[in-house]
1. Go ahead and collect, in residue order, the members of region 1-40 whose backbone nitrogen is under 19 Å from a label point 7 Å along the Cα-Cβ direction of Ala49.
2. Using a 1.4 angstrom probe on heavy atoms only, work out the carbon and sulfur share of the accessible area of the chain in %.
3. Would you mind working out the accessible area per residue for region 73-205, using a 1.4 Å probe, and quoting it in Å²?
4. Could you give the radius of gyration (one decimal) and Dmax (whole number) of the Cα atoms in the chain, in Å?
5. For region 46-161, would you read off the P(r) tail past 26 Å as a percentage of all alpha carbon pairs?
6. Give me the distance in nm between label points sitting 7 Å out from Cα along the Cα-to-Cβ direction at Asp32 and Asp123, one decimal.
7. Determine the order of His79, His60 by accessible area, beginning with the largest, at a probe radius of 1.4 Å.
8. Calculated from DSSP H runs of 4 or more alone, at -39500 (n - 2.57) each and per residue, what is the 222 nm mean residue ellipticity of the chain, nearest 500?
Amino acid sequence: MGVRGRFLSFEGIDGVGKSTQAHRLVERLQSDGYSVLHTREPGGTAIGAKIRRLLLDPNHDTMGCRTEVLLYAADRAQHVHEVILPALNRGSIVVCDRYVDSSLAYQGFGLELGAESIQTINDWGTAHLVPELTLLLDAEPETTLVRVGGDRIETRTLEYYRKVREGFLTIASEAPARVVVVNAMLSSDRVADDVWRIVETWLSR
Ligand code: TYD
């Protein structure tokens, strides 16, 4: 797409420590002098924050699966347009907490809507912008779910999260050049070290 910056995403199921690791990585990159933009989905823009409230409100129990897919995609389209692309054009490293893989895993695999149409919708919504590197933090849902709260998505069952995790691992096996699986069952320090090693190698490419 001819942008100057570098784009990486973090993925994983709820409670896996993704946001903490993204935060630690951003601090380390900044202390090394990089210009970094740390952002997240859903909700990385003012419009997206409103979409996030629609998506996660536990009262919205009548929301259809297709509506859910389209709202996540709309949030993402706005995020790419307003935040991610401008930062890449300025030459920054963009660290994004969740991106298209979350829709593939949570809606495509978790809700069993299939990956294909979700990929197509998101390809269009993002104008085909794909991260160069995706760090998939992987852990068993039995371990991670004790850490999460009770929004509309988080109140889904353990069975659902098992499908989401398998979905993420399937995505990783299908895109080995982009997605690196990180064992998130280890200590936070150990995971941060693993993440740093992977990112350092990637930056030197
Ligand atoms: P996130 O902001 O990562 O969670 P938290 O509220 O813990 O900060 O994501 C919110 C929820 O949205 C989370 O359960 C994952 C879900 N999600 C999807 O189902 N599909 C998507 O495309 C995205 C981006 C998130």
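The values are calculated or read from the model by the stated rules, or taken from the named source; none is laboratory data. The model shown is predicted, which means the values in this text are computed figures rather than measured ones. All Cβ positions, glycine included, derive from the backbone under ideal geometry; neighbour counts span all protein chains shown. Surface areas here come from the heavy atoms of the whole protein model, side chains and all, with no ligands, DNA or RNA. Shrake-Rupley method; radii C 1.70, N 1.55, O 1.52, S 1.80 Å.
1. Answer for region 1-40: 37-40.
2. Numbers: 5120 of 9800 Å².
Whole-percent figure for carbon plus sulfur exposure: 52.
3. Values: 5990 Å² over 133 residues.
Per-residue value: 45 Å².
4. That works out to 16.1, 48 Å for Rg and Dmax.
5. On the way: 1444 of 6670 pairs.
Of all Cα-Cα distances in region 46-161, 22 percent exceed 26 Å.
6. Here the answer is 3.3 nm between the modelled labels.
7. His60, His79
8. On the way: 8 runs with 94 residues, N = 205.
Roughly -14000 deg cm²/dmol at 222 nm, from the helical runs in the chain.
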